[in-house]
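Notes follow once the structure below has been shown.
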Amino acid sequence: KNQVEQSPQSLIILEGKNCTLQCNYTVSPFSNLRWYKQDTGRGPVSLTIMTFSENTKSNGRYTATLDADTKQSSLHITASQLSDSASYICVVSVGDDYKLSFGAGTTVTVRA
Amino acid sequence: DTAVSQTPKYLVTQMGNDKSIKCEQNLGHDTMYWYKQDSKKFLKIMFSYNNKELIINETVPNRFSPKSPDKAHLNLHINSLELGDSAVYFCASSQSISPPGDEQFFGPGTRLTVL
């Protein structure tokens, strides 16, 4: 069973609307959690990183939250644009290990 | 001034052939990675090299052999290609292997199709 679960698997929203993506993880000990955006036909690009002590972090219209107690993170997209259409991947790193645990991603489609 | 580059971008080949994918980064990073992304878009790490030393070797068939001639290059050679090898292969690099979760910079991917 994957240690990082993302939901929903996919979603469609209208341009200008907001949406929230979820990431639940079971890895321990937790080091940090990173959200990547992957455009179609491109490699993933980092949006934000959350460490244990951080609850929220913004990058433009993207806001990530982290609840280390419940092992949940969310990525909120505000006032979506067509260019937000992409897959969003949650990646969790284990405390003192080199390995990373990847979620399967959420595919977001923004329609005009 | 591409940060992480891969060649070729597309690779179509017959079952049983041997092929290589090349990766180069000009970011001065110490660590490089190879990932496989299947049709369900799930990214799975295959290998990681830090300063030319292999540090992550997931359960990948030994038909896959990474080679790092220097810190800036990590090539992937695949012997006896099988249908199940069809996927998009991504190369990535990060400043260092520590701290864990250091930002990775990904290449554009190589779409491998085995017929």
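The values are calculated or read from the model by the stated rules, or taken from the named source; none is laboratory data. Remember, it's a predicted structure, so these values are computed and weren't measured experimentally. We place every Cβ from the backbone using ideal geometry, glycine too, and count neighbours over all the protein chains shown. What goes into the accessible areas is simple: the full protein's heavy atoms, side chains included, and nothing from ligands, DNA or RNA. Shrake-Rupley method; radii C 1.70, N 1.55, O 1.52, S 1.80 Å.
Working from the alpha-carbon coordinates of chain B, get Rg over Rh, Rh being the Kirkwood radius. Each step should come with its number before you reach the end.
Working: Rg = 13.3 Å, Rh = 14.0 Å.
Looking at chain B, the ratio lands at 0.95.
Can you pull the mean other chain C-beta count within 10 Å for peptide A:39-49?
On the way: counts 0, 0, 5, 5, 16, 9, 4, 6, 0, 0, 3.
If you average over the peptide's residues, the count of other-chain Cβ atoms is 4.
Might you report the magnitude of the Cβ-based charge dipole of the range B:52-106 about its Cα centre, with Lys and Arg at +1 and Asp and Glu at -1, to the nearest 20 debye?
Result for the range B:52-106 is approximately 180 debye, rounded to the nearest 20.
Which aspartates and glutamates, if any, have their Cα less than 12 Å from the Cα of B:Lys41, not counting same-chain residues under 8 positions apart?
A:Asp39
When all alpha-carbon pairs of chain A are counted, what percent fall beyond 20 Å?
Details: 2193 of 6216 pairs.
Of all Cα-Cα distances in chain A, 35 percent exceed 20 Å.
Please check: in the Gaussian network model of chain B (C-alpha springs, under 10 Å), which one of B:Gln95, B:Gln14, B:Gln104 has the largest mean-square fluctuation.
Fluctuation is largest for B:Gln14.
For the range B:9-53, what are Rg and Dmax over the alpha carbons, in angstrom?
Reported Rg and Dmax, both Å: 13.3, 36.
Calculate the length of the line joining the C-alpha centroid of the range A:30-81 to that of the range B:1-47, in whole Å.
25 Å
Hey, got the dipole for the protein assembly as shown? About the Cα centre, +1 on K and R Cβ, -1 on D and E Cβ, debye to the nearest 20? Could you put the intermediate results ahead of the total?
Numbers: 22 positive and 21 negative charges, 113 e Å.
Here the protein assembly as shown has a charge dipole of around 540 debye.
Would you mind checking B:Lys19/B:Lys44; A:Lys99/B:Lys52; A:Lys17/B:Lys44; B:Lys36/B:Lys67; A:Lys99/B:Lys67; B:Lys9/B:Lys52 for any pair whose Cα atoms are more than 22 angstrom apart? Display every interim value, and only then the final one.
Numbers: B:Lys19/B:Lys44 20 Å; A:Lys99/B:Lys52 17 Å; A:Lys17/B:Lys44 32 Å; B:Lys36/B:Lys67 16 Å; A:Lys99/B:Lys67 20 Å; B:Lys9/B:Lys52 24 Å.
Pairs exceeding 22 Å: A:Lys17/B:Lys44; B:Lys9/B:Lys52.
Take B:His77, B:His29 and sort them by solvent-accessible surface of the protein heavy atoms, 1.4 Å probe, largest at the top.
On the way: B:His77 60, B:His29 15 Å².
Sorted by accessible area, descending: B:His77, B:His29.
Report the Cys residues of chain A lacking a disulfide-compatible partner, meaning no second Cys Cβ under 4.7 Å from their Cβ.
For chain A, the answer is A:Cys19, because their Cβ atoms have no other cysteine Cβ under 4.7 Å.
Using +1 at the C-beta of Lys and Arg and -1 at the C-beta of Asp and Glu, which of B:Leu27, B:Asn62, B:Leu74 has the Cα lying farthest in the positive direction of the dipole of chain B?
Of B:Leu27, B:Asn62, B:Leu74, it is B:Asn62.
Bins of 10 Å, beginning at zero and ending with the bin holding the largest distance: percent of Cα pairs per bin for the protein assembly as shown, please.
For the protein assembly as shown, the pair-distance distribution reads 8, 32, 35, 20, 4, 0.
Over the range A:48-112, consider all pairs of different Cα atoms and compute the Kirkwood hydrodynamic radius from their mean reciprocal separation; express it in Å, one decimal.
On the way: mean 1/r = 0.0758 Å⁻¹.
Every distinct Cα pair counted, the radius reaches 13.2 Å.
Which residue fluctuates the most in chain A, going by a Gaussian network model with Cα springs under 10 Å, if the choices are A:Thr63, A:Thr40, A:Thr20?
A:Thr40
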